[in-house]
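Only one structure is covered here, and it is reproduced in the block below.
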Amino acid sequence: MFSIQSIEAKYFIKNYNVPLYSIILLDDESDISVNFVKYKTKEKSILFLSPYQNLKWLGSTSSKVKLLQFHGDFYCIEYHKKEVACNGLLFNNIYLQPYISLNKIKFQEISQLIDKMEKEVGTNKRFSESVIKSYLQLILAICSSEKDEQLGNKLIQQANENELFIFQDLLELHFHKERSSSFYANKLSMSLSSFSKKIKSQFEKTPTQLIQERVILEAKKLLHLTFKTVKEVAIELNFDDEFYFSRYFKKEVGLSPTHFREKAGLSIVAK
């Protein structure tokens, strides 16, 4: 349900894919892959992973990382979204990089909060969940505020890239039915080649990757946040049948929709 570890990165992030939310403090520069997209983090970065996001450590390293993990049943980010505003900012956003870089003071502040959590768990067999949740909520609030500020600066720099914002709007509007890159290129009156290059340059992902990730993200939400059956989810996402949907989901996530729901659980906000 909840755990904290300090581990040499190379020993546990070779092929990391678990049913937990993960917050990973990276003291050194790191080469990683999240859902098969490569990133190079700066020093003093914090990585945020949702359940069953695939993480790989690229290259050799002897650096240690702090790993904080929690299950959705322990702390539901959807339920607490008004307090910390992290869902869609730190977690569950296909358009943003899955980490933030902090200055030394902010990074140390987060690290100290995790140390306090570790001390609470280690010295008290019946540790207070409310204390741990309060520390966790503070970490998420600080990081959400920091990423929101960084994102605001980035959006100002990209103000002239109107096609990128239009594409995001189009994808949010049509992803249920349209899973072809050419559909979105045509909507933007761009050649498929130019469209693909521009999207890849901005998001470090191809249009196909973004479309697939958006479909899978919605599928995960429906499986975790509602009581809809796999068949109902398949229908809502415009798949021909639940078996094709299950194959599509398993190829991207690594396990079937049914298995995902069993491991991730049904959220307390499910309805």
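Summing Lys and Arg as +1 and Asp and Glu as -1 over all other residues whose Cβ lies under 12 Å from the Cβ of Gly72 gives a net charge of +2.
Proximity of backbone amide H atoms, modeled 1.01 Å from N, is registered between Leu58 and Asp31, Ile32, Ser33 at under 5 Å, excluding neighbours fewer than 5 places apart on the same chain. How much mean residue ellipticity at 222 nm does the chain get from its helices, if each DSSP H run of length 4 or more adds -39500 (n - 2.57) and you divide by all residues, to the nearest 500 deg cm²/dmol? Helices in the chain give a 222 nm mean residue ellipticity of -15500 deg cm²/dmol. Among Tyr244, Tyr21, a tally of other beta-carbon atoms within 10 Å of each Cβ gives an order, fewest to most, of Tyr244, Tyr21. Taking 14 Å as the straight-line reach from the Cα of Lys38, the aspartates and glutamates in range (excluding those fewer than 8 positions away in the same chain) are Glu29, Glu204. For the range 50-55, putting each phi into the Karplus relation 6.51 cos²θ - 1.76 cosθ + 1.60 with θ = phi - 60° gives couplings of 8, x, 6, 8, 7, 10 Hz, in residue order, rounded to whole numbers and with x for Gly and Pro. Electrostatic tally near Leu222: other residues with Cβ closer than 11 Å to its Cβ, Lys and Arg +1, Asp and Glu -1, net +1. For the range 226-271 versus the range 46-119, the inter-centroid distance based on Cα atoms is 25 Å. Shown in residue order for the range 195-207 are the 3J(HN,Hα) couplings computed by the Karplus curve 6.51 cos²θ - 1.76 cosθ + 1.60 at θ = phi - 60°: 4, 5, 5, 5, 5, 5, 5, 7, 9, 6, 9, 6, x Hz (x for Gly and Pro).
Could you tell me which residue out of Leu170, Leu188, Ile7 lies farthest along the dipole of the chain toward its positive end? Charges go on the beta carbon: Lys and Arg +1, Asp and Glu -1, centred on the Cα centre. Comparing the listed Cα positions along the dipole, Ile7 ranks first. Across the chain, the relative contact order, built from alpha-carbon pairs under 8 Å that are at least six residues apart, equals 17 percent. Against the main long axis of the alpha-carbon atoms of the chain, helix 129-157 sits at an angle near 50°.
For the range 70-83, putting each phi into the Karplus relation 6.51 cos²θ - 1.76 cosθ + 1.60 with θ = phi - 60° gives couplings of 8, 8, x, 6, 7, 9, 8, 5, 5, 5, 9, 4, 5, 6 Hz, in residue order, rounded to whole numbers and with x for Gly and Pro. In terms of its C-alpha gyration tensor, the range 2-157 comes out rounded, because the ratio a/c of the largest to the smallest axis stays below 1.5. Short-range pairs are left out: with C-alpha atoms under 8 Å and at least six residues apart, the relative contact order of the range 162-264 is 21 percent. Measure up Lys56/Lys116; Lys66/Lys147; Lys56/Lys187; Lys40/Lys221; Lys44/Lys250 against 24 Å on the Cα-Cα distance and list the ones that go over. Check vs 24 Å cut-off fails for Lys56/Lys116; Lys56/Lys187; Lys40/Lys221; Lys44/Lys250.
Taken together, the values in this text are just the output of simple stated rules run on the coordinates, not laboratory data. This one's a predicted model, so the numbers in the text were calculated from it and none came from an experiment. No Cβ is skipped: glycine too gets one built from the backbone with ideal geometry, and neighbour counts run over all protein chains shown.
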